[in-house]
Every structure is written in C-alpha cells, then in structure tokens.
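Shown next, in structure tokens, is the structure this report addresses.
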Amino acid sequence: MTSLIMIIVTNALVSNVVLNQFLGICSFVGVSRQIKTSASLGGTVIFVITIASAVASLLYDYVLVPFDLTYLKTIVFILVIAALVQLVEMFLKKTSRGIYEALGIYLPLITTNCAVLGVALNNVQDGYNLIESVMAGFGTAVGYTIAIVVLAGIRGRLDEEAIPLPFRGAPIVLLCAALMSIAFMGFSGL
C-alpha cells in the first residue's frame, strides 16, 4: 500500500509531467486562462490518463508481450487514447455543453497530448503491473491538474497587474511555468 501511495506522490509532485518532464505543454499553456476551464480539462485528463494506463497495461501484458508484438506498443497506445478521448468528447458534448465549448480544440488535442502517451510508455518501461500503472497514471494526471489549476490562478492575478509590454502573453506565462517548475523541484526531497 505504501509503495502505491509513493507512486502517486512521485508522479504527481516529484516527477510532475508538465513541470519536470515537460510533456503536455500545449494544453497547459493554452487552456490555463481560467480556473474553471483548467479544472475541467484536468478532470478530463485524470479520466483519460487513468483509464488509458489500465487499458494500455492490459493490452501490453496480455496481447503485445505474448504475441511478441511489443514493437507496436506506441501505435496501440495511441489508438487506445484516441478512442477514450472520443468517448469523453461525446459525453461532454451531450451532458455539459459549456465545458465542451470552453475546452474547444484542446479536448480533441488530448489525443495527441504527449503526456498521455508518455505515461503509458513510462509505465511499460518501468515494468509496472496493472495496479501500479493505474496509480502512476492517476498520480500523473493529478499532478497535471494541480499544475494547470495553479497556473490558471497565477494567470488570473497577472491579468490585474501592469506587466511590461515585452512580457505580456506567452513570455510571462512561460516565465511563471519555469518558476513553478523550480518550486516543484523542492518536492524531490520527499
């Protein structure tokens, strides 16, 4: 049980997918304008990464390895992720039109979000079993959500400040992300 908690904490804080591994930067910067939208994307990413980690682990262990098809893992994982994102997209379109429209282009881009694929590939590389893969996926997605919501909060405050013209927009956002990354390095002592 302790090792599973450590997998979650490590993936969420110490090896944060955005701030340490620099995966998923596109949606991290693009969607982090409002806390509500960021939290919605974070919830979607939690669902997709957790389920994708489970399905990818099962497919890898029970289909790809026994049939000596491990060289297809990247393609198979991308197909799994694309199918899950399509399901989430259809669900949000039917149940929560506001969130669906707020996420806009970033919802289908979860399919190509390298953070989602990176988690599935890292789980295989680290030799995680099904439960460990799910915990690593969940921890990674929670870390992504924490990072994007914190950045959205910072960006909300930055809109009220007098930022010098050369730093407005993407430069100040990337500077804030860099400072967040440095701050998250403090968790490496855990």
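The values are calculated or read from the model by the stated rules, or taken from the named source; none is laboratory data. What you are looking at is a predicted structure, and each value in this text was computed from that prediction instead of being measured. Virtual Cβ from ideal backbone geometry, glycine too; neighbours counted across all protein chains shown. We work out accessible area using only protein heavy atoms, side chains counted, and drop any ligands, DNA or RNA first. Shrake-Rupley method; radii C 1.70, N 1.55, O 1.52, S 1.80 Å.
Which condition from (1) over 30 Å from PRO171 (Cα atoms); (2) free of Cβ contacts under 8 Å to residues at least 12 places away in the same chain; (3) within 13 Å of the chain's Cα centre (by Cα) is the one that ALA52 breaks?
Among (1) over 30 Å from PRO171 (Cα atoms); (2) free of Cβ contacts under 8 Å to residues at least 12 places away in the same chain; (3) within 13 Å of the chain's Cα centre (by Cα), the lone unmet condition for ALA52 is (2).
So is PHE77 open to solvent by less than 50 Å² (accessible area, probe 1.4 Å) and modelled with pLDDT of 90 or more or not? Break it down stepwise before answering.
On the way: open to solvent by less than 50 Å² (accessible area, probe 1.4 Å): yes; modelled with pLDDT of 90 or more: yes.
Judged against the criteria, PHE77 is a match.
Working only within region 99-128, note down all residues that are under 13 Å from the mean Cα position of the chain (by Cα) and in contact (Cβ under 8 Å) with a residue 40 or more places away in the chain.
Scanning region 99-128 gives TYR106, LEU107, LEU109, ILE110, ASN113, CYS114, ALA115, VAL116, LEU117, GLY118, VAL119, ALA120.
May I ask you to list the residues in region 1-32 that are farther than 17 Å from VAL116 by Cβ, in a loop (DSSP other than H, G, I, E, B) and among the hydroxyl-bearing types (Ser, Thr, Tyr)?
Matches in region 1-32: SER32 only.
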